[in-house]
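Reviewing the structure listed below.
The values are calculated or read from the model by the stated rules, or taken from the named source; none is laboratory data. Since the structure is predicted, the reported quantities are computational estimates derived from the model, not experimental observations. Methodologically, a virtual Cβ is constructed for each residue, glycine included, from the backbone with ideal geometry; neighbour enumeration extends over all protein chains shown.
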Amino acid sequence: MSESRAVGVFDSGVGGLSVLREIHARLPGQPLIYLADSAHVPYGEKTPEFIRERCRRIADFLLAQGACALVLACNTATAAAISDLRSLYPGLPLVGMEPAVKPAAQATRTGVIGVLATTGTLRSAKFAALLDQVGHDVNVIMQPCPGLVERIEAGELASPATRALLAAWVEPLLAAGCDTLILGCTHYPFIRPLLEDMLPASVSLIDTGAAVARRLEGLLAERGFLSGGSDDAPIRFWSSAAPQRMASVLPLLWGHEAEVGFFAG
Ligand code: DGL
């Protein structure tokens, strides 16, 4: 494939596919390379140093594959590693993500926002700085979700175990008057239907995949890296765990089967 204009997208696992689908929907003609670091998922319980080292290796690999831009489709990796990557690759178009506290603060009517995210994201200095900027006029309740990423990696999008985990986190948020719930981890859009089923219609869910796709489009356009056209460009998938594991959840999470390469880095 002509990968000179490919965008490399990566996550600790398959969660970043929720961002990849937004990118592909907005930029169907852009070749994409997706890497799931599933041998090391979840990042949410790892140290920032470990995550930075993984991100460096993955970025090197994706650039060697011809990527002209990178998307950290992972809130936890962005919090730990985006500054490091920006200084390692000055000038490289690089898009990260953070929980959508700003839009949630504008949207809430009760003044109570819930943030579902990993322990790593919620503990990070980057998240503390974000709260400092926008969190003063609203009550932001942080809810770490240990164990949820593993359920989603296994394709359990609506199993009793997944539902029970969510119920235990969501009920106290509702009792506190939360009307706006941020999906602060790229795995969570995959359990959005389950959450919608559990929440009253008055609660809005916010995620950032579409905003990341818009930001990427802007950066690619600035550099002249946009591949136009509405025909589907090739998308390659890589995983650091057994490729079969990712291949088996692609029909559910991506919509169809695809070949998955092994990333040994
Ligand atoms: N999908 C990731 C995020 O957006 C990380 C999940 C994990 O590996 O803990 O935070």
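Numerical summary
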quantity	calculated
Segments classed as helices (runs of 4 or more DSSP H), wholly inside the stretch 1-107, with at least 2 members that are more than 25 Å from GLU222 (Cα to Cα)	48-64, 75-88, 101-107
Some residue of the stretch 91-98 being under 21 Å from ARG192 (Cβ atoms) and either in contact with a Leu (Cβ under 6 Å, 6 or more places away or on another chain) or touching a residue at least 40 places away in the same chain (Cβ under 8 Å) (or both)	yes
Test: residue in the stretch 179-186 that is more than 22 Å from LEU94 (Cα to Cα) and not in a strand (DSSP E or B)	yes
Residue list for the stretch 196-219, filter: surrounded by 15 or more Cβ atoms within 10 Å (Cβ to Cβ) and either touching a strand residue (DSSP E or B) at 6+ places or on another chain (Cβ under 6 Å) or assigned to a loop (DSSP other than H, G, I, E, B) (or both)	LEU199, VAL203, SER204, LEU205, ILE206, ASP207, THR208, VAL212, ARG215, LEU216
Qualifying residue in the stretch 215-230 (condition: among the polar types (S, T, N, Q), farther than 30 Å from LEU92 by Cβ and over 19 Å from the mean Cα position of the chain (by Cα))	no
Any hit, the stretch 111-122, residues being more than 16 Å from the ligand (Cβ to nearest atom) and more than 27 Å from ARG151 (Cα to Cα)	yes
Tally, over the stretch 60-80, of residues that are in contact with a helix residue (DSSP H, G or I) (Cβ under 7 Å, 6 or more places away or on another chain) and within 16 Å of the ligand (Cβ to nearest atom)	10
Any hit, the stretch 60-75, residues being touching a Lys or Arg at 6+ places or on another chain (Cβ under 6 Å) and over 17 Å from PHE263 (Cα atoms)	yes
Tally of residues being modelled with pLDDT under 95 and either within 12 Å of the ligand (Cβ to nearest atom) or of a type in the set (S, T, N, Q) (or both) across the stretch 86-105	0
Residues satisfying the stated conditions in the stretch 102-123, i.e. within 16 Å of the chain's Cα centre (by Cα) and among the hydroxyl-bearing types (Ser, Thr, Tyr)	THR118, THR119, THR121
Options SER83, SER38, SER18; residue that is more than 16 Å from the ligand (Cβ to nearest atom) and of a type in the set (Ser, Thr, Tyr)	SER83
Among (1) touching a helix residue (DSSP H, G or I) at 6+ places or on another chain (Cβ under 7 Å); (2) free of Cβ contacts under 8 Å to residues at least 60 places away in the same chain, the one test that ALA125 misses	(1)
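Quick grid of which residues meet (1) more than 15 Å from the ligand (Cβ to nearest atom); (2) touching a residue at least 24 places away in the same chain (Cβ under 8 Å); (3) crowded, with 17+ Cβ neighbours inside 10 Å; (4) assigned to a helix (DSSP H, G or I):
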| site | (1), (2), (3), (4) |
| --- | --- |
| LEU130 | no, yes, yes, yes |
| VAL140 | yes, yes, yes, no |
| VAL170 | yes, yes, yes, yes |
| ILE191 | no, yes, yes, yes |
